[in-house]
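Notes for the one structure printed next.
The values are calculated or read from the model by the stated rules, or taken from the named source; none is laboratory data. Only a predicted model underlies this, so the values are computations on that prediction, with no experimental measurement involved. Cβ: placed from backbone, ideal geometry, glycine included. Neighbour counts: every protein chain shown. With ligands, DNA and RNA removed, areas are computed over all heavy atoms of the protein, side chains included. Shrake-Rupley method; radii C 1.70, N 1.55, O 1.52, S 1.80 Å.
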Protein chains: 2
Amino acid sequence: MLIIENIGELVVYPPGPTPGRQMGNVSRLERASLLIQGQAIAKFGRKGEVSAPPGCTVLDAAGGCVVPGLVDCHTHAVFAGSREKEFVQRIEGRSYLEIAESGGGIRSTMRAVREASEEDLVRLALPRLRRMLESGTTTAEVKSGYGLTVDDELKMLRAIKRLNTLQPIELVATYLAAHTVPPEFEGRADAYLDTMLADEVFERIAEEGLAEFCDVFCERSAFGVEQSRRVLEAAVRHGLRPRVHADQITQMGASQLAAELQAVSADHLETIDDAGIAALKAAGTIGVLLPACSFFLGVRQAPARRLIEANLPVAVATDVNPGSSMVESLALTLSVACTQLRLTPAEALVAATANAAAALDRHAYLGAIAPNMQADLLVLDVPNLEQWLYHIGRPCVRTVIKRGRVVGESEQTVLE
Amino acid sequence: MLIIENIGELVVYPPGPTPGRQMGNVSRLERASLLIQGQAIAKFGRKGEVSAPPGCTVLDAAGGCVVPGLVDCHTHAVFAGSREKEFVQRIEGRSYLEIAESGGGIRSTMRAVREASEEDLVRLALPRLRRMLESGTTTAEVKSGYGLTVDDELKMLRAIKRLNTLQPIELVATYLAAHTVPPEFEGRADAYLDTMLADEVFERIAEEGLAEFCDVFCERSAFGVEQSRRVLEAAVRHGLRPRVHADQITQMGASQLAAELQAVSADHLETIDDAGIAALKAAGTIGVLLPACSFFLGVRQAPARRLIEANLPVAVATDVNPGSSMVESLALTLSVACTQLRLTPAEALVAATANAAAALDRHAYLGAIAPNMQADLLVLDVPNLEQWLYHIGRPCVRTVIKRGRVVGESEQTVLE
């Protein structure tokens, strides 16, 4: 048993999904204590209402704020290679095509991932996941999608599965069956889909327990609406739940497709229109916003306030990937959400916990502080939630608790 | 003596000021070593060209990139209080006036600073400066400007002077004689300036060695051009060099004033026009951009590329302050400069070293890696400059060297 005492502010709200207009309604319990039994939250209350049972380990929050561990519901955190060269080319005004022709773009990550072994992918991801943990992420979705052959996609998924056992962040795997058309299938997208959607692929995924979700990049430069439908219908037939990269650059009705197929989430949404918003809302699909991606690329942000005012449950994730969002910290991403999407800190936190857990179908046990929820918690070294996201880029996570155990403690040392 | 060996990339360029169109011209020395004697850089070269003298301490850069220590040439890093409440109000759409009326705005920091002792200000600033050091800042300008009485301004300046002896960052003090009109002088700005510009104030500053620069907030809501001229002319008569908060919200010709008075820098420049750019250029005044401030407030950025194309030497600083830029990390600010101002990483680094040192009149010994320059250096745990700023928000500074000594080492530990 573990008790956290001397909590300056315990941030409490119901498990998700939380509709947009209720996302800001969080309660604060001051001078609180919280008792953990096994892997779950047992109870919490004001000082004196919860006492430490004999033999219970005591963690002093020293007046710091305690929030749920963050859930990063859209990442490409397993990859190889680095694309800073392209970052510079984009700043210099080179076009997407020029970048691709000089060896950049998603195909450069594809080449690096194909060359990497499963072991390489695991080794490269471990420090990345450690930094994500230190900035507060305790659960993360991770997609395949850079291998672009059946074997290389399975290699990525196996790396994700192994990483789940090697470090504290709980990983949720998504088979990103259609991210882009690889060079050997140039101009033959449907033939490519034939190979990626073969029954044997899904059977292998099911047998080895390699993925829970399937995703597609529905975009003019990638896969059209009908191709995306084909991907996701195949996935559903094989027991994977669909999610969609929707409405990022081109408005093609991808959110409507996500809604029609009862996708658990539609992600990006920079160009979503009213029809798309209404469709997602009617379907109960979570809208996942990726403000670090737009920030990283210097392009327009999603209309977050419109989604929230429409009462859609909205989540926020990093989209961490080497091409369009080299941002590992979900906490920093939430500060971007506050300043660029105009989410309040309370809305941003609910977006990255209760609603992000709903986007991963884990809201029954993750994403909020309530009795019997899994004890995934952060002790911050600031006294309230607002100060955390206001103090942009400051490492504020003092202690990370995953399934009731202390798994991370950040400290920085200075000589002199 | 200290030698840094096994440097993956040593980033070399001439000391500032560097005109805009040359800011991107940096050289890279791969597989380099760098020898420090006393407080200065003695020499550097490729592996084998520089060898460790007997008894020399060896620091292994392990293939990491080495750059000059960062110079943060515009900060309000000494203050009391926290303004996260106002951060939320702004997101909720409250006006500047509504925020001020509910107790927010600069006057809330004024009240907290007036209530604080010099000792309090020192104690509050120390962890802030430690975090700035850990993210790579080795020199920082710090302004007064929150006391708004002669005694409280002197208290701030004395706190800065003491802080200079208590921690490794080299601090450069600016008397911000006219930041805003305090409530007791409401409607009587000139009478307020009478008190702040009295000869005794400048004599006290000179006797105690409290400041080197004088600054004014030239803005419709603060001080007009003629009032600003009065402030800076008084400062110059007393031996302080001028700098100006210019063209942030309202275009009033503040950059021309800065040029006319030979100010060392004109800072902000979000609304600068062509006449202002030409004036700064002719005067040799550095244009200091504060992209974290615009990012924090969610407002427009300065026209950085126009300034650079006009060949103006441009610097970038954090503007760290509790109201409009709660961003302590200059490295993060440089990533904002890359993505939002479209500076290349090389331009951003020169802006925050060579040109920032010029904005503090310290370019003769600070801001570049060259023989006899002060040995202020960062060893990064990434192989090249570009990867540092591309990897947004990642703590990349492994070792901080100030005046030839290792003063900071960041490490983060994770249990399990």
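In table form, for the structure just shown:
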quantity: Integer Hz, Karplus 6.51/-1.76/1.60 couplings in order for region B:193-206, x for Gly and Pro; calculated: 4, 3, 6, 6, 9, 4, 3, 4, 5, 5, 5, 4, 4, 5
quantity: Rotational relation A to B, axis-closest Cβ in chain A, residue and distance rounded to whole Å; calculated: A:GLY393, 3
quantity: Nm distances between copies for A:GLN251, ranked from closest, using label points 7 Å along Cα→Cβ; calculated: 3.2
quantity: Exam field: B:GLY93 pseudo-label spacings to other copies (7 Å along Cα-Cβ), nanometres; calculated: 3.8
quantity: Chains B and A, summed buried accessible surface - 1.4 Å probe, Å², nearest 100; calculated: 4700
quantity: The protein assembly as shown shape via C-alpha gyration tensor axes, a/c threshold 1.5; calculated: prolate
quantity: Accessible area per residue in Å² at 1.4 Å probe, computed on chain B; calculated: 34
quantity: Angle in degrees between helix B:118-134 and the longest Cα principal axis of chain B, rounded to the nearest 10; calculated: 40
quantity: Of every Cα-Cα pair in region A:40-105, the percent that sits beyond 14 Å; calculated: 77
quantity: Relative contact order (%) - region A:231-271, alpha-carbon pairs under 8 angstrom, separation at least six; calculated: 43
quantity: Protection proxy ranking of A:32-43, B:88-99 - average other beta-carbon atoms within 10 Å, highest first; calculated: A:32-43, B:88-99
quantity: Exposure rank, largest accessible area first [B:LYS143, A:LYS281, B:LYS47; 1.4 Å]; calculated: B:LYS47, A:LYS281, B:LYS143
quantity: Between region A:44-80 and region A:121-138, the Cα center-to-center distance that results, in Å; calculated: 19
quantity: Spin-label pair B:ALA191/B:ARG305, simplified geometry with 7 Å Cα→Cβ offset, distance in nm; calculated: 5.0
quantity: Most mobile listed residue (B:PHE87, B:PHE185, B:PHE223) in chain B, GNM with C-alpha springs under 10 Å; calculated: B:PHE185
quantity: Contact order normalised by residue count of chain B, Cα under 8 Å, 6+ apart, percent; calculated: 22
quantity: Pseudo-label separations to other copies for A:GLY55 - Cα-to-Cβ vector, 7 Å, nm; calculated: 6.1
quantity: Alpha-carbon centroid distance for the pair region A:326-403 / region A:158-209, whole angstrom; calculated: 29
quantity: Cut-off under 5 Å, modelled amide H: who pairs with B:ALA77 long-range; calculated: B:LYS143
quantity: Residue among B:THR75, B:THR339, B:THR138 with the largest mean-square fluctuation in a Gaussian network model of chain B, springs linking Cα atoms under 10 Å; calculated: B:THR339
quantity: With Cα atoms, 0 to 90° folded angle of helix A:106-115 axis to chain A main axis; calculated: 80
quantity: Karplus (6.51, -1.76, 1.60) ³J(HN,Hα), θ = phi - 60°, over region A:318-325, in Hz, Gly and Pro reported as x; calculated: 7, 6, 3, 6, x, x, 10, 6
quantity: Three-way shape label, region A:273-416, alpha-carbon gyration tensor, a/c 1.5; calculated: oblate
quantity: Backbone HN-Hα couplings from phi across region B:330-335 [Karplus 6.51/-1.76/1.60, Hz, Gly and Pro as x]; calculated: 6, 4, 4, 4, 5, 5
quantity: Shape call, region B:71-359: gyration tensor on alpha carbons, a/c limit 1.5; calculated: rounded
quantity: Helical mean residue ellipticity (222 nm; -39500 (n - 2.57) per DSSP H run of 4+; nearest 500) of the protein assembly as shown; calculated: -10000 deg cm²/dmol
